[in-house]
Amino acid sequence: MSDLLAIAGARIFDGHDWHDDAALLLEFGMVSAIVPASAVPAHAAMVRLDGGSLVPGFVDLQVNGGGGVLFNNEPSLAGIRTICAAHARFGTTALLPTLISDTVAVNMAAIAAGQAAVAHAVPGFIGLHLEGPHLALARKGTHDPALLRPMDDSDLARLRAARDILPNLLVTVAPEAVTPAQIAALREAGIVVSLGHSDASFEMASAAFAAGAGMTTHLFNAMSQLGNRAPGMVGATLHNPSIHAGLIADGIHVHPAAIQIALQAKIGPGRLFLVTDAMSQTGTDLKELTLNGRTITRSAGALRLADGTLAGADLDMIDAVIFMHSTIGLPIEEAIRMASLYPAQALGIDDSHGHLAPGAVASFVHLGDDHAVRATWIGGAQVYPRPI
Ligand SMILES: CC(=O)N[C@@H]1[C@@H](O)[C@H](O)[C@@H](COP(=O)(O)O)O[C@@H]1O
């Protein structure tokens, strides 16, 4: 029995170019080549698809929940499994379960759950995103104000220790709640630092970028906006060509014109990427969820606290890709890159994720001509629908 698998019958987009009449060859969970369909080695096991396209799996750096689980409420191995499986249905093959501001105890449980997910090689799990609690009250969004606080030495030590046991660790902090020296120390430890939930001035945000923060969390949402004499965190992000920024493209969080303006600033270097900021509702009919004891209601494509504050997004990655293509007008290839290559680059995992070059992890999605997700593979194994 050969370990070589060939998948043919769909156009293949490798993240850069299209390949027609081609086959994707996989071996030991990695892409080994894309070859003409007529040149598939005779010993390869064949999977024949009936049209559509094969594209790189989506990489989502901000996933608070899915499949009925909110990570804050179930920071466990089982919780992570459920979240990863829920998002695979929508084309996501690599994600960071994201913890919204919570207590030290819940943060520690989340880190332990991440360690367990590594040990059990949960398909789709690539690390954690700890969003808070070192955020600014003035831009708390849906984060519980009682939990927000500045970073201290024990927080820094805990994050450094977490980085040692996780393949990737992303933290969202506000410059009001961390010092440039703390940002530099996080960066030095190999932690990716993103700025968000902040009312920082342009100057303060720029200083935090200079200290080592390389990313902005859900650009435009929960941050100081671009004003004429005060360009804020939005201005500091768009002004600095090296900064990556996540974007919630659900048609509710950010006006299409604001997205187009951000694209003009960021699309050249590919620094703008899609996140879902999904909560537990993904893949379910849930109408109500709970975060830190407060009720969030799902209605008309949005999730809101009782006072109307947006509380994450009722969004999955394929819908974000379709929004960028159909409503914003991006070519489908670029919309796909915003969900795969660009977030992989933002996290620094683009050697193995976000494209289908030889040596990349064999994580990819079969899309129909209508762009609906038909099947998903993670590390060479089909995870949605269940293997035939
Ligand atoms: C999980 C999470 O925290 N998500 C944030 C939310 O906190 C914030 O309220 C909202 C709108 O922010 P805005 O009103 O500043 O645009 O964006 C995101 O949904």
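The values are calculated or read from the model by the stated rules, or taken from the named source; none is laboratory data. This structure is a prediction, so every number in the text was calculated from the model and none was measured. Every residue, glycine as well, gets a Cβ built from its backbone with ideal geometry; the counts of neighbours run over all protein chains shown.
Points worth noting:
- Taken together, the residues in segment 293-316 that are within 18 Å of L99 (Cα to Cα), in a loop (DSSP other than H, G, I, E, B) and away from the ligand (no atom under 11 Å from the Cβ) amount to 2.
- Unmet requirement for D250, which otherwise passes all of (1) buried (at least 19 other Cβ atoms within 10 Å of the Cβ); (2) of a type in the set (D, E, K, R); (3) in contact with a Ser or Thr (Cβ under 7 Å, 6 or more places away or on another chain): (3)
- Residues located in segment 189-225, provided they are away from the ligand (no atom under 16 Å from the Cβ) and among the charged types (D, E, K, R): E203
- Residue within segment 239-246 that is at pLDDT below 95, within 11 Å of the ligand (Cβ to nearest atom), under 25 Å from G308 (Cβ atoms) and out of contact with any Lys or Arg (no Cβ under 9 Å at 6 or more places or on another chain) present: no
- Complete set of residues in segment 317-338 that are of a type in the set (S, T, Y) and either crowded, with 20+ Cβ neighbours inside 10 Å or assigned to a loop (DSSP other than H, G, I, E, B) (or both): T327
- If the condition is being within 18 Å of L170 (Cβ to Cβ) and in a helix (DSSP H, G or I), then segment 231-258 contributes M233, T237.
- Among the residues here, T290 does not qualify as in a loop (DSSP other than H, G, I, E, B), surrounded by fewer than 22 Cβ atoms within 10 Å (Cβ to Cβ) and more than 13 Å from the ligand (Cβ to nearest atom).
- Residue that is farthest from the chain's Cα centre (by Cα), among those in segment 247-258 that are within 11 Å of the ligand (Cβ to nearest atom) and either not assigned by TED's automatic domain parsing to the domain that holds L96 or not hydrophobic (A, V, I, L, M, F, W, C) (or both): H255
- Boolean, I261 is part of a helix (DSSP H, G or I) and within 16 Å of the ligand (Cβ to nearest atom): yes
- One residue from A161, A185, A200, A181 being touching a residue at least 60 places away in the same chain (Cβ under 8 Å) and over 22 Å from A344 (Cα atoms): A200
- Total residues in segment 55-112, condition of a type in the set (S, T, Y) and either within 15 Å of the ligand (Cβ to nearest atom) or not assigned by TED's automatic domain parsing to the domain that holds V321 (or both): 2
- Some residue of segment 271-282 being more than 16 Å from the ligand (Cβ to nearest atom) and farther than 30 Å from A78 by Cα: yes
- Failed item, numbered, when R149 is tested on (1) more than 16 Å from the ligand (Cβ to nearest atom); (2) without any contact (Cβ under 8 Å) to a residue 24 or more places away in the chain; (3) closer than 30 Å to G232 by Cα: (2)
- Taking helices (runs of 4 or more DSSP H) as the structural unit, those lying wholly within segment 116-230 and holding at least 1 residues that are closer than 30 Å to S76 by Cβ correspond to 153-165, 180-188.
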